[in-house]
Amino acid sequence: MHTPPFRIGFGYDVHRLVPGRPLILGGVTIPHHLGLLGHSDADVLLHALTDALLGALALRDIGFHFPDTDPRYKGADSLLLLRDAYRLVRKEGWLLANADCTLVAERPKINPHIPLMQERIAHTLEVEPGQISIKATTHEQMDAFGREEGIGAYATALIYPQPQASL
């Protein structure tokens, strides 16, 4: 069977906002009076992107590879989880072409932090920052996101086969 020259994966994640936790999005700590609740650092953006990368190759999801029942991942830096997931993708012979991500949050304002998020993610995945798109939107004060009860993220990742090294 012929393997297509590309694969695409989709990821989604959401975490509740609570007091007493840092707010980490895209590997960047953002000043805010609330943070995301989770077993790891609860970085919804990186969790969605990790799922998108794994999903492109039907490698299950972040919870399968890094379960919240495993104490090794308690408070884990999600950039490291993303790195390890991408290593699986590369081991299968694929590279990231680009990722497109959207954060959903009423507050805080995300846009000032996007360039640093792009840099951190690109560095982790060994790509250029221009290959990592991050956008932010609100829910116009509707539903749980609009009431600032949580933050969500969507991500897609396009991957392509690694070029074969010439002998």
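Quick check, is Ala48 in contact with a Gly (Cβ under 6 Å, 6 or more places away or on another chain) and not β-branched (Val, Ile, Thr)? Reasoning before the result, please.
Working: in contact with a Gly (Cβ under 6 Å, 6 or more places away or on another chain): yes; not β-branched (Val, Ile, Thr): yes.
When the stated conditions are applied, Ala48 passes them.
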- [ ] Inspect the stretch 104-116 for any residue being part of a strand (DSSP E or B) and either of a type in the set (A, V, I, L, M) or in contact with a Pro (Cβ under 9 Å, 6 or more places away or on another chain) (or both) and give the result as yes or no.
- [x] yes
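Being assigned to a helix (DSSP H, G or I) and free of Cβ contacts under 8 Å to residues at least 40 places away in the same chain, is that true of even one residue in the stretch 30-49?
Our first condition is that a residue be assigned to a helix (DSSP H, G or I); within the stretch 30-49, this holds for 44-49.
After this cut, where a residue has to be free of Cβ contacts under 8 Å to residues at least 40 places away in the same chain as well, the list is none.
For the stretch 30-49, residues assigned to a helix (DSSP H, G or I) and free of Cβ contacts under 8 Å to residues at least 40 places away in the same chain: absent.
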Open item on the list: Based on this model, can you work out whether Gly35 counts as out of contact with any helix residue (DSSP H, G or I) (no Cβ under 8 Å at 6 or more places or on another chain) and either over 18 Å from Arg120 (Cβ atoms) or polar (S, T, N, Q) (or both)?
Closed with: no
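What about Asp13, is it assigned to a strand (DSSP E or B) and either farther than 22 Å from Met117 by Cβ or out of contact with any Cys (no Cβ under 9 Å at 6 or more places or on another chain) (or both)? Explain how you work it out, then say what you get.
Numbers: assigned to a strand (DSSP E or B): yes; either farther than 22 Å from Met117 by Cβ or out of contact with any Cys (no Cβ under 9 Å at 6 or more places or on another chain) (or both): yes.
Spelling it out, Asp13 is indeed assigned to a strand (DSSP E or B) and either farther than 22 Å from Met117 by Cβ or out of contact with any Cys (no Cβ under 9 Å at 6 or more places or on another chain) (or both).
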Open item on the list: Out of Ala122, Ala105, Ala99, I need the residue that is under 16 Å from His47 (Cα atoms), open to solvent by less than 70 Å² (accessible area, probe 1.4 Å) and free of Cβ contacts under 8 Å to residues at least 12 places away in the same chain. Which one?
Closed with: Ala122
Task: Among residues of the stretch 127-146, those that are in contact (Cβ under 8 Å) with a residue 12 or more places away in the chain, exposed (fewer than 14 other Cβ atoms within 10 Å of the Cβ) and either among the aromatic types (Phe, Trp, Tyr) or part of a loop (DSSP other than H, G, I, E, B) (or both), counted - done: 1
Open item on the list: So, in the stretch 51-93, exactly how many residues are in a loop (DSSP other than H, G, I, E, B) and either at positive phi or open to solvent by less than 50 Å² (accessible area, probe 1.4 Å) (or both)?
Closed with: 10
Task: Verdict on Tyr154 being open to solvent by 30 Å² or more (accessible area, probe 1.4 Å), more than 13 Å from the chain's Cα centre (by Cα) and touching a residue at least 24 places away in the same chain (Cβ under 8 Å) - done: no
Open item on the list: So in the stretch 1-24, with the set limited to residues that are open to solvent by less than 70 Å² (accessible area, probe 1.4 Å) and among the β-branched types (Val, Ile, Thr), which one is nearest to Leu54 (Cα to Cα)?
Closed with: Val14
TODO: Find the residue count for the stretch 147-167, including only residues that are over 27 Å from His33 (Cα atoms) and part of a loop (DSSP other than H, G, I, E, B).
DONE: 6
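Of the residues that make up the stretch 153-166, is at least one within 19 Å of Arg21 (Cα to Cα) and in contact with a strand residue (DSSP E or B) (Cβ under 7 Å, 6 or more places away or on another chain)?
yes
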TODO: Filter the stretch 25-50 for residues that are among the polar types (S, T, N, Q) and surrounded by fewer than 24 Cβ atoms within 10 Å (Cβ to Cβ) and give the result.
DONE: Thr29, Ser40
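The values are calculated or read from the model by the stated rules, or taken from the named source; none is laboratory data. Since the structure is predicted, the reported quantities are computational estimates derived from the model, not experimental observations. A quick note on method: Cβ atoms are made from the backbone with ideal geometry, for glycine too, and the neighbour counts reach across all protein chains shown. Remember, those area values only see protein heavy atoms, side chains included, never the ligands or the DNA or RNA. Shrake-Rupley method; radii C 1.70, N 1.55, O 1.52, S 1.80 Å.
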